[in-house]
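Just so it is clear, none of the values below were taken in a lab; they were calculated from the coordinates. Since the structure is predicted, the reported quantities are computational estimates derived from the model, not experimental observations. Please note: Cβ atoms are built from the backbone with ideal geometry, for glycine as well, and neighbour counts cover all protein chains shown.
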Amino acid sequence: MEYRRLGRTGLKVSTICLGTMQFGWTADKDASFAVMDTAVALGCNFFDTADVYSRWVEGNPGGVSEQIIGEWLAQGHVRRDQIIIATKARGPMGDGPNDQGLSRHHLINAVEASLRRLQTDVIDLYQMHSFDEEAPLDETLRALDDLVRAGKVRYVGCSNYPAWLLTKALWISDVQRLVRFDSLQPHYNLVHRAEFERELLPLCLDQGVGVIPYSPLAGGFLTGKYRRDTPLPDSARASGVRSRYMHKQGFAAVDALETAAQAHEATIAQVAIAWLLANPAVSSAIIGANTVAQLTETMKGADVPLTAAEKTQLDAVTEWK
Ligand SMILES: NC(=O)c1ccc[n+]([C@@H]2O[C@H](COP(=O)([O-])OP(=O)(O)OC[C@H]3O[C@@H](n4cnc5c(N)ncnc54)[C@H](OP(=O)(O)O)[C@@H]3O)[C@@H](O)[C@H]2O)c1
């Protein structure tokens, strides 16, 4: 397993980050424990979760993914300091007006709740899940600065921020001497490129902001199990995948990945991961897995030696400029 610096920080993260959005949703506790055990055994030292996971499941108040990770940590499956735990806040965790958002009030409450669920005394990377237009950025950054000084959080990052806003946040941190966003978690894969590549990519490279893309397999589409004119696979993700990725260019990307995969005796999913990691801006790809078999297959993508020429050929299939 290769470890890369998270942007300009000194923190080293595995090039595969284990996403845990499935925990408490399509992966129960036992399956989640098995996935975490295997990820660590294969060299992964980086887990991503969020307080809201899996609040969309009926009857679920949210926080279950963090709870499962917390129980796993408490059982001593790994030494706490060997794992970088990233979580997020912003989404609704209750029905009250202050049960969501990026205000000082909510963030401080949300950190305490995440720490309790994770059964830990520190969050390694605390990410703003998406922008809150009602909370001033300086209020958010000052609250994060206090949380870092209080030892509850070590690094801070953001997710789903547009470039102008990340630039503004970096500027506020600079002029007000506050902690800065050291990572960005964008939606980025071979069939969803422009949103990140247009302005965020050069910004992150220039400012040393670590990039940790989510949905690197496009929710399962870039595994080859979604095909033209065939029934959708049995997956809770299928309708989302269909509306987002099942178009002419998406299928062309799967075809091109399949050709590259044959050359490397690899799978489509593995080459999709290799394509992402061939990008120098990317620190780690946040993958999702319901089973140990899925995880094991996808993680091997970090070892596929994609050549520059192969990356260029894949780029050409989903060119957006
Ligand atoms: N910041 C944000 O707003 C945001 C948004 C989304 C996700 N995330 C983070 O990113 C993580 C990953 O996102 P994602 O789940 O969309 O990532 P993904 O890696 O693109 O998709 C994962 C899904 O693909 C399928 N899959 C995975 N490996 C497979 C394999 N080898 N063969 C066949 N199917 C396979 C599984 O779904 P099926 O088995 O159901 O097909 C799995 O749930 C999440 O867990 C979360 O931590 C963040």
### Message
Please give the charge dipole size of region 120-237, origin at the Cα centre, charges +1 on K and R Cβ atoms and -1 on D and E Cβ atoms. Round to the nearest 20 debye.
### Response
440
### Query
How many nm is it between the label spots at A74 and A41, if each spot is 7 Å from the Cα in line with the beta carbon?
2.5
### Query
Longest exposed-loop-site-free stretch of the chain, with chymotrypsin sites (Phe, Trp or Tyr not before Pro), DSSP loop and at most 14 other Cβ within 10 Å?
57-319
### Task
Whole Å is fine, so just give me how far the alpha carbon centre of region 177-219 lies from that of region 1-75.
20
### Message
Starting from the 7 Å offset along Cα-to-Cβ, what nm value, one decimal, do you get for the label separation of L205 and W56?
### Response
3.2
### Query
Taking only Cα atoms, what is the 0 to 90° angle, nearest 10, from helix 268-277's long axis to the longest principal axis of the chain?
50
### Task
Give, in whole angstrom and from largest to smallest, the semi-axes √(5λ) of the equivalent ellipsoid of the chain, with λ running over the eigenvalues of the Cα gyration tensor.
30, 23, 19
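In this model, which of K12/K225; K225/K248; K12/K300 are farther than 24 Å apart at the alpha-carbon?
Long pairs (Cα-Cα over 24 Å): K12/K225.
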### Query
What size of dipole, in debye to the nearest 20, comes out for the chain about its Cα centre when the only charges are +1 on Lys and Arg C-beta atoms and -1 on Asp and Glu C-beta atoms?
300
### Task
Using DSSP, restrict attention to beta bridges with both residues in the chain and report what percent are antiparallel, rounded to the nearest 5.
15
### Message
Using a Cα-Cα cut-off of under 19 Å, which aspartates and glutamates could be cross-linked to K168, ignoring same-chain neighbours fewer than 8 residues away?
### Response
D132, E133, E134, D138, E139, D145, D182, E195, E197, E199, D206
## Note on the structure
Expected sort for E134, E58, E139, E112 with the fewest Cβ neighbours (10 Å cutoff) up front is E58, E134, E112, E139
### Query
Hey, what number do you get for the chain at 222 nm if only DSSP H runs of n ≥ 4 count, each worth -39500 (n - 2.57), divided across all residues, to the nearest 500?
-12000 deg cm²/dmol
## Note on the structure
Taking Cα atoms, the helix 137-149 axis meets the longest principal axis of the chain at an angle in degrees (rounded to 10) of 80
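Considering only the other residues whose Cβ falls under 12 Å of the Cβ of D182, what net charge follows from Lys and Arg at +1 and Asp and Glu at -1?
Taking every other residue near D182 into account, the sum is +3.
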